[in-house]
Amino acid sequence: MKSILGKKIVLGLSGGIACYKAAELCRLLIKAGAEVQVVMTEAATQFITPVTMQALSNQTVFASQWDARAPNNMAHINLTRQADLVLVAPASADFMAKLLHGQADDLLSLLCLARPMESCPLVLAPAMNREMWQHPATQRNVAQLHEDGSWVLGVGVGEQACGESGDGRMLEPWEIVQEVARVFTPKTLLGHRVLVSAGPTFEALDPVRGITNRSSGKMGYALASAAWLSGADVTLVSGPVGLECPRGVKRVMVESALEMHAAVESFAKQSDVFIATAAVADWRVKQAAVNKIKKTKDSPTPGFEFIQNPDILASVAGGPRAQARALYCVGFAAETQDVAQQTQEKRLSKGVPLMVGNLGPATFGLDDNELLLVDEVGTSHLPRASKEELAQSLIAHIAKSLPAFLRTA
Ligand code: C5P
């Protein structure tokens, strides 16, 4: 993950059963390219051993401010002067209460207080029982920690280790990694609302059968995630895919082109940017059968009359908000040849400021691709890379073009 690559992260564990998730979190941060130094409170060592965390982080774990390994005996200073970020996960109710008061009676709280606030942000991933989370004291502490400049992440909802169910679970490790990536990503789309359509559509033939296509939705999901990382408020209108909803993104699942059209039209009204990556079926059957079409030995092969689906992108790009030039529309052109020319033609015919060309069959279902960006200014090529990296480059391009576009709106 680009924004985490090469970053030095102090991963702090305070006491709580969610410590077991910190092992996976450590592994994911390292997989994303970070260097992880683990620091544990005494309470955390009751839940998971430093041996586990050392093996996963490949660094010896610090658990005491009296650790003689630091030649100057100032581990709290040394560790934070080298760090790009301190992440406390899990952050217990007690640990947050301590931080709030600037108490520093163990190594982890000491280094949170001693870190240079400007260059080393503090991210807290709370984890506790739902009653503890809802308690006014905890909520007050969370609000004040925000005020003091910490990033206090939300909590998950669901079953808790104590057997109760509600708010207070620590976020899943992958969600915390996304939040950390967001802290490191420049907020080039802050204050903007981005709408993304993604995946295939499914056009019913009868209640059990239908026609669809091979779009995986990966590019659209990667774009929604990249827009969120850049500070945007993101809505993803998705056709049927098996992908997890990206962190921070509001997702609306739809099936048919007509459903997608209605959802996109309604959200486009409040958006600044619309990125249409969905592979919308060009046709649907005029009249889907109400009951399952039966096959018997002698039944005739069913025939269907098809009608064209609306072109969602063209209709939104020609809609009132876009006509007032306040909606920056981006289309994707999946071509099989002459990508540059076809993409330019499609850009003009759909009336959108930016059209992204790619070779359709060379990307369906894959994790990487290469793209050609065609706008008023000219053409630029994004060489083959993962869809995640391409999404970040494309979002950067959109963020750069947006102010000039909106000025003329
Ligand atoms: O015309 P074509 O399908 O090649 O255009 C592709 C672009 O138009 C994509 O951005 C796609 O999401 C969008 N599109 C749409 N509604 C359709 C067909 C395409 O929004 N019915």
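Summary table below
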| quantity | calculated |
| --- | --- |
| Top-ranked residue in segment 348-361 [being in a helix (DSSP H, G or I) and within 10 Å of the ligand (Cβ to nearest atom); ranked as farthest from I312 (Cα to Cα)] | G360 |
| Any hit, segment 285-293, residues being within 16 Å of the ligand (Cβ to nearest atom), in contact (Cβ under 8 Å) with a residue 24 or more places away in the chain, in contact with a strand residue (DSSP E or B) (Cβ under 7 Å, 6 or more places away or on another chain) and under 27 Å from L359 (Cα atoms) | no |
| Subset tally (residues that are surrounded by 14 or more Cβ atoms within 10 Å (Cβ to Cβ) and not in a loop (DSSP other than H, G, I, E, B)) for segment 289-315 | 4 |
| Criterion: under 11 Å from the mean Cα position of the chain (by Cα) and surrounded by fewer than 16 Cβ atoms within 10 Å (Cβ to Cβ) - qualifying residue of K250, K187 | K250 |
| Every residue from segment 320-337 that is within 12 Å of the ligand (Cβ to nearest atom) and surrounded by 14 or more Cβ atoms within 10 Å (Cβ to Cβ) | C329, V330, G331, F332, A333, A334, E335 |
| Residue list for segment 298-319, restricted to those being closer than 16 Å to F267 by Cα, more than 8 Å from the ligand (Cβ to nearest atom) and touching a Phe, Trp or Tyr at 6+ places or on another chain (Cβ under 9 Å) | A317 |
| Helices (runs of 4 or more DSSP H) lying entirely in segment 50-166 (those with 1 or more residues that are surrounded by fewer than 14 Cβ atoms within 10 Å (Cβ to Cβ), in contact with a helix residue (DSSP H, G or I) (Cβ under 8 Å, 6 or more places away or on another chain) and touching a residue at least 40 places away in the same chain (Cβ under 8 Å)) | 136-147 |
| Tabulated pairs, segment 339-358, first farther than 15 Å from E370 by Cβ and free of Cβ contacts under 8 Å to residues at least 24 places away in the same chain, second charged (D, E, K, R) and not in a helix (DSSP H, G or I), C-beta under 8 angstrom, 6+ apart or interchain | Q342/E335 |
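Computed from the coordinates by the stated procedures, all read-outs in this text should not be read as laboratory data. As the structure is a prediction and not an experimental result, all values here were calculated from the model. Backbone-built Cβ (ideal geometry, glycine too); neighbour counts: all protein chains shown.
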